[in-house]
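Structure first, then comments.
Just so it is clear, none of the values below were taken in a lab; they were calculated from the coordinates. Predicted model only: the values in this text are computed from it and were never measured. All Cβ positions, even for glycine, are placed from backbone atoms using ideal geometry, and neighbour counts span all protein chains on display.
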C-alpha cells in the first residue's frame with residue numbers, strides 16, 4: 001500500500017477507530033451466523049465448515065477433509081464425524097479428487113447452497129447496498145485492507 005506511514009497521535013485515533021469498526025462488524029457477523037445455525041439446526045463447527053466450503057468454492061478451490069481439519073483446528077476424527085453429519089443432512093458430498101484418484105474432496109450440495117442463499121438473502125442485499133455506495137477504487141482499498149487484516153489474524157485463511 002502506498003502512502004506515508006502513520007506516526008502521530010491523531011493517526012493512532014484513526015487506527016483505533018478502524019479497529020473498533022472491524023470488531024463491530026465481526027460481532028455483527030457472529031450474531032448473524034449464530035441465528036443462522038439455530039435456523040439450520042446445526043452447531044457452530046458445522047456452519048463454519050460450510051462457510052469455508054462456500055468461500056473456497058467461490059475461489060474455485062477444491063477442499064480436502066484435511067483442509068477442513070486444518071481450517072477448523074480440529075482432529076481428523078472430529079472432521080470425519082463432522083463430514084458424516086453434513087453428508088447425512090444433505091449439505092455435502094465426498095467425491096474423488098479430479099487429479100488424484102486416491103484422494104477425496106468435499107463439495108457443497110445444491111441444497112446447501114440454496115439454504116445459505118435463503119438465510120443470507122436479506123443480509124447480503126443490505127451489504128451489497130452499502131458496497132454500491134462506494135467507487136470501484138474505494139472498494140479496492142477496502143478489499144485489500146480486509147484481506148490483509150484476515151491474513152494478519154489467521155495467516156492460514
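Numbers at a glance
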| read-out | value |
| --- | --- |
| Value at 222 nm in deg cm²/dmol, rounded to 500, when DSSP H runs of n ≥ 4 in the chain each add -39,500 (n - 2.57) | -23000 deg cm²/dmol |
| Model label zone, residue 74; criterion: amide N under 14 Å from point 7 Å along Cα-to-beta-carbon; scope the range 41-63 | 42-53 |
| Degrees, to the nearest 10: 76-88 long Cα axis against longest axis of the chain | 80 degrees |
| Full-stretch length increase - residue 54, residue 126 - with 0.36 nm per residue and alpha-carbon distance subtracted | 24.0 nm |
| Potential lengthening between residue 22 and residue 66 on full extension [0.36 nm per residue; Cα-Cα distance subtracted] | 12.9 nm |
| Gyration tensor (Cα) of the chain, equivalent ellipsoid semi-axes in angstrom | 33, 19, 16 |
| Stretchable slack from residue 140 to residue 32, in nm (0.36 nm times residue separation minus alpha-carbon distance) | 36.4 nm |
| The chain - percent relative contact order, Cα under 8 Å, separation 6 or more | 15 percent |
| Shape category assigned to the range 88-134 from the gyration tensor of Cα positions, a/c cut at 1.5 | oblate |
| For peptides 25-35, 132-142, sequence by mean Cβ density within 10 Å, most packed first | 25-35, 132-142 |
| Relative contact order %, the range 90-157, counting alpha carbon pairs below 8 Å whose residues are six or more apart | 19 percent |
